[in-house]
Amino acid sequence: MATGDRGPNESLIGVPGSRHQLGTPSLVIDVDIMDANIASMAAHAASHGYEVRPVGKIHKSIEITRRQVEAGGRGPCCATLAEVEVMVDAGFSDVMLFTSVVTAPKLDRLAEVNARAEGLIVCADHAANVVQIGEAARRSGRPIKVLVDLETGSYRTGVVGEDAAVALARLIVDTKGLEYAGVQGYTGHHMNTADYEARRARGLTVVEPVVRAVERLRTEGLEPEIVSGGGTGSHAFDHELDVFTEIQAGTYVLMDTNYYSVVQRHDEPSPFGPALFVRTTVISNCQPEFVMTDAGIKEVDVIFGIENPAILRGAPPGAVYEMAGDDMGKIRFANPGQDRLEVGDVVEILASHCYQTIVLYRYFHAVSGDTLVDIWPVDAYDNW
C-alpha cells in the first residue's frame, strides 16, 4: 500500500543509503548520470550549430523536460495529444506534436490546448488535415504553427517528394489561422546500428529527401524556419548536411540496451551513461543454476527480445537476465554451483527499451549516489 501520493518509498526520500532500501520492483533514475547526459548533448548541439528538441514521449516527465530545456533545449516534442496537454499545462512553450490529429474529439482538444499554449507546433501530411487544423486554430482564437511532414524512408507518415511538400506548404500559408513553420523529416530505423560508419552512411542517405525538399521550398519562397529530425543515434553526424535546425533527441537522456552498444560518436563512443534502471529483488534461490526475481514482463519491457535486459549491478559476472513470467524474472548463472545470490539480494537491470518500460510504472525514483533524493511522477502516463 502506498504511504503517500508518491508511492510506498516516499518515506525514504533524503535518508542516507535509501537507494538500497527501495521496495522493488522500482524504476530508478540516477540523477547525476542523467544530468551528465543532458549536458553532453547540449554541448554537442552548441558546438555543431543545431538545437535539441527533447522527445517528451521518452520519459513523459515534466521534471526531466525542465532539465533539458534549462540546458538549452527547445520545447519538447510529443507523440500524443495527452503528452502535449501535460507539457503545455506545465508551462512549456514551443511544444511540438509530431503525429497527426484527425478525429473530431481530438481536434476539439487541440483547439482547447492551443488556446492556452504559446507557440504550439503540429505536423501534417494531408491537405484535408491542414483544413481541419486551421478550423481548430480559428476556434482557439490563436494561430497554430504547422510543419510539413516528409517521408524519408520509414514508410510511415509524411508526404512523398518535393512537389507534394511545396503544395502542402502553400496550403498551410493560405489557410487562415495557420503559420507555416517548416518541415519534419524523421527516420528512425537505422538509429541503433552499432557500427558508427555504417550508421552514418545510412543516416546521411535517408536525410537526402529532406535536403532536396528544403532546397525546393527555398526556391519557391517557402523558407522553413524549422527543419526537425534526427535523433540520439544520428545526432553526431546529422549536422554534416547543414539542413536540420534541430535534432529530436530522446533516448540519450536515460539510455537502454537498444542504444547501449551503439558507438554514438566517432571520437567519443559512449557519451551517454545508463541513467534509468529497474531494481529487482531475488525472491527464490532453490536451484543452483538460477534465482528468481520480482521483475517480469509487467515490470521490464522486452520488445527487442525476451533475454535483452542487461544486468548492470548486483549479479555475478556472466549472469543473464531472463523473463520467467508476468511478474517474475530469472537470473541464470554462468557458473552454476559456484555463483550464488541470496534471497533478498537486489539486482539493477537496464531495460531493452526505456520508454516502453517507463509506461509500466507511475513513478521515477530519483537517486544521487546512495540516496533517494526525490520521487517524480510519470506525468504523461496516459496515451489517449
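The values are calculated or read from the model by the stated rules, or taken from the named source; none is laboratory data. Nothing here was measured: the structure is a model prediction, and the numbers come from that model. Using ideal geometry, Cβ is built from the backbone for each residue, glycine included, and neighbour counts are taken over all protein chains shown. Please note that ligands, DNA and RNA were not included when accessible areas were found on the heavy atoms of the full protein model with its side chains. Shrake-Rupley method; radii C 1.70, N 1.55, O 1.52, S 1.80 Å.
Summary table
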read-out: Rounded if a/c under 1.5, otherwise prolate or oblate - the range 234-293, Cα gyration tensor axes; value: prolate
read-out: Per-peptide average of other Cβ atoms within 10 Å, ordering 225-231, 363-369 highest first; value: 225-231, 363-369
read-out: Per residue accessible area in Å² of the chain, where ligands, DNA and RNA are left out and the probe is 1.4 Å; value: 41 Å²
read-out: Relative contact order [Cα under 8 Å, 6+ residues apart], the range 66-224, whole percent; value: 17 percent
read-out: Label corresponding to Cα Rg over 2.2 N^0.38 Å when calculated from the structure given, among (1) 1.00; (2) 1.06; (3) 1.15; value: (2)
read-out: Length-normalised contact order of the range 261-345 in % [C-alpha pairs under 8 Å, at least 6 apart]; value: 30 percent
read-out: Average Cα contact separation per residue, the chain, under 8 Å, 6 or more apart, as relative contact order %; value: 21 percent
read-out: Positive-end extreme of charge dipole, the chain - chosen from T99, V291, G72 (charges on Cβ); value: T99
read-out: Distant-in-sequence amide H partners of R340 (H built 1.01 Å from N, under 5 Å); value: none
read-out: Most mobile listed residue (T175, T103, T157) in the chain, GNM with C-alpha springs under 10 Å; value: T103
read-out: Candidates V347, V302, V15: whichever shows maximal mean-square fluctuation once the chain is modelled as a Gaussian network with Cα springs under 10 Å; value: V15
read-out: Charge context of R313, other residues only, Cβ under 13 angstrom, K/R +1, D/E -1; value: -2
read-out: Whether the range 319-361 is rounded, prolate or oblate, judged on the alpha carbon gyration tensor where a/c under 1.5 counts as rounded; value: prolate
read-out: Estimated 222 nm signal from helices in the chain, with DSSP H stretches of n ≥ 4 weighted -39500 (n - 2.57), rounded to 500; value: -8500 deg cm²/dmol
read-out: Under 11 Å, Cβ to Cβ, from A137 - net charge with Lys/Arg +1 and Asp/Glu -1; value: +3
read-out: GNM top mover of E208, E118, E240 - the chain, alpha-carbon springs below 10 Å; value: E240
read-out: Where trypsin sites (Lys or Arg not before Pro) fall in DSSP loop in the range 285-384, at most 16 other Cβ within 10 Å; value: K298, R340, R362
read-out: Cα-Cα over 22 Å, subset of K106/K298; K106/K176; K60/K176; K57/K145; value: K106/K298; K60/K176
read-out: Cut-off 14 Å between beta-carbons: net charge of the residues surrounding D32, Lys and Arg +1, Asp and Glu -1; value: -2
read-out: Percent carbon-and-sulfur accessible area, the range 58-203, ignoring ligands, DNA and RNA, probe 1.4 Å; value: 51 percent
